[in-house]
Amino acid sequence: MFAGGPFRHGGVMITATTRASRRTPARRTARSARRLARQAILLAAVGMLIRFIGAGWDDIAVSFHSLLSSNAELLIVALGLEAAWLWSLAQVYRSSLVAMGGSVTRTQAVRVSMGAFTISRIVPGGGAVGSVFAARELVVIGNPAATTVASMVVSWWISMSSLTTLVLGGIGIGVLAGQVSPIYLIAPAVTLAALVGAGTAVATGLRRRRLRAGLVALAQRVAAKTGTVDDPAQADDAFRTAVERVRDPRSLLHIALWGTASWSFDAAALWLMFEAFGHRLAIAPLLVGYGAVNLLQALPELTPGWLGVIEGTLAVTYAAFGIPTGVAVIAVLSYRMLSHWLPVAVGLPPAIGMLRRTRSPKPPAERGLVT
């Protein structure tokens with residue numbers, strides 16, 4: 001095995017080793033820079049929150065007393081809205097998988113979605129890591145890797161497009177009512193145009209074998225993590241089928257409706273938090289802050305679950321719209337407790353199961369796959 005190899009290819013081996021050694025310090029420097037950036041951003045966000053809490057402590061105390069004395073029932077309603085958000089979010093992924101030709105029960109979809117949600121908030125890498133574990137889980141229960149990958153890409157695209165459309169529409173109404181400046185329309189309009197353009201480009205590009213080959217390779221890596229084998233020809237067919245499904249508006253309508261419902265439930269819960277503390281937000285200011293932080297969460301995370309950044313951004317945004325600083329802080333923190341920390345806790349059992357999942361999948365008869 002080793003005879004002749006080092007002599008014939010020694011130069012190549014030395015060159016490869018030298019390049020690897022050259023890259024290593026650069027990679028270490030980049031990792032150190034990212035780590036320092038995360039720490040700096042987290043410290044800045046937490047520091048900003050502490051400053052706001054100190055400046056608005058009197059408002060916080062009064063608002064909290066008011067909540068406990070007369071508006072506690074609104075917390076229960078907000079909790080119900082967050083439960084509806086999590087349920088409908090799971091149905092976004094389920095309806096996308098079904099549209100692409102896969103199959104998963106509603107209960108399985110909720111379990112996978114909750115587990116992936118928790119993993120994305122506690123494991124470095126954020127949403128990308130959560131998506132990998134979700135994809136692996138869906139393959140384990142019997143879905144082809146290519147179909148799973150295609151459905152997750154489509155569900156993310158439609159979900160973000162639904163959010164941007166919702167935000168754009170709400171801010172547009174606010175502009176017509178004189179609640180906010182038209183300048184707030186720029187960011188969601190540009191984002192929606194980018195999403196539509198990217199979706200069109202991918203759908204068009206998937207007709208070309210070269211791009212499909214890259215996605216087939218990705219699907220095979222996902223399948224390999226579960227101990228299964230994804231046939232390249234079948235994977236290629238799956239991606240071509242996905243293109244045809246995406247081009248059919250009827251296939252996307254169901255996903256878009258679930259996506260719009262999920263964002264609406266969550267935004268309504270945030271609105272209720274301010275209502276509970278005695279301040280009614282107009283729809284446009286509400287969606288300016290809500291849209292900004294949720295589009296931010298689509299980016300690679302610099303802190304776990306964007307901890308500190310989301311809270312600080314929302315508090316600053318709503319304080320800028322005239323909400324007292326203390327009220328803005330406590331309303332945002334209460335909302336984050338319901339929309340972030342509580343779902344993370346609820347999703348911990350399925351997340352632990354997904355993290356401990358062995359590579360060898362169960363036989364088809366034991367998977368509980370719905371046909």
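The values are calculated or read from the model by the stated rules, or taken from the named source; none is laboratory data. Only a predicted model underlies this, so the values are computations on that prediction, with no experimental measurement involved. FYI the Cβ positions are ideal-geometry reconstructions off the backbone, even for glycines, and counts take in every protein chain you see.
Taking helices (runs of 4 or more DSSP H) as the structural unit, those lying wholly within segment 276-360 and holding at least 3 residues that are at pLDDT below 85 and either buried (at least 19 other Cβ atoms within 10 Å of the Cβ) or small (Gly, Ala, Ser) (or both) correspond to 309-320, 325-336. Filtered by the rule that a residue be free of Cβ contacts under 8 Å to residues at least 60 places away in the same chain and among the hydrophobic types (A, V, I, L, M, F, W, C), segment 334-344 gives Met337, Trp341.
Taking the criterion of being in a helix (DSSP H, G or I) and touching a His at 6+ places or on another chain (Cβ under 8 Å), would at least one residue in segment 147-161 satisfy it?
To start, the set of residues in segment 147-161 that are in a helix (DSSP H, G or I) comprises 147-161.
Then drop every residue that is not touching a His at 6+ places or on another chain (Cβ under 8 Å), which leaves none.
No - not one qualifying residue is present in segment 147-161.
Cβ separations smaller than 9 Å between residues 6+ apart or across chains give the following pairs from segment 167-183 residues that are over 17 Å from Phe321 (Cα atoms) to residues that are among the small types (Gly, Ala, Ser): Leu168/Ala189; Leu168/Gly291.
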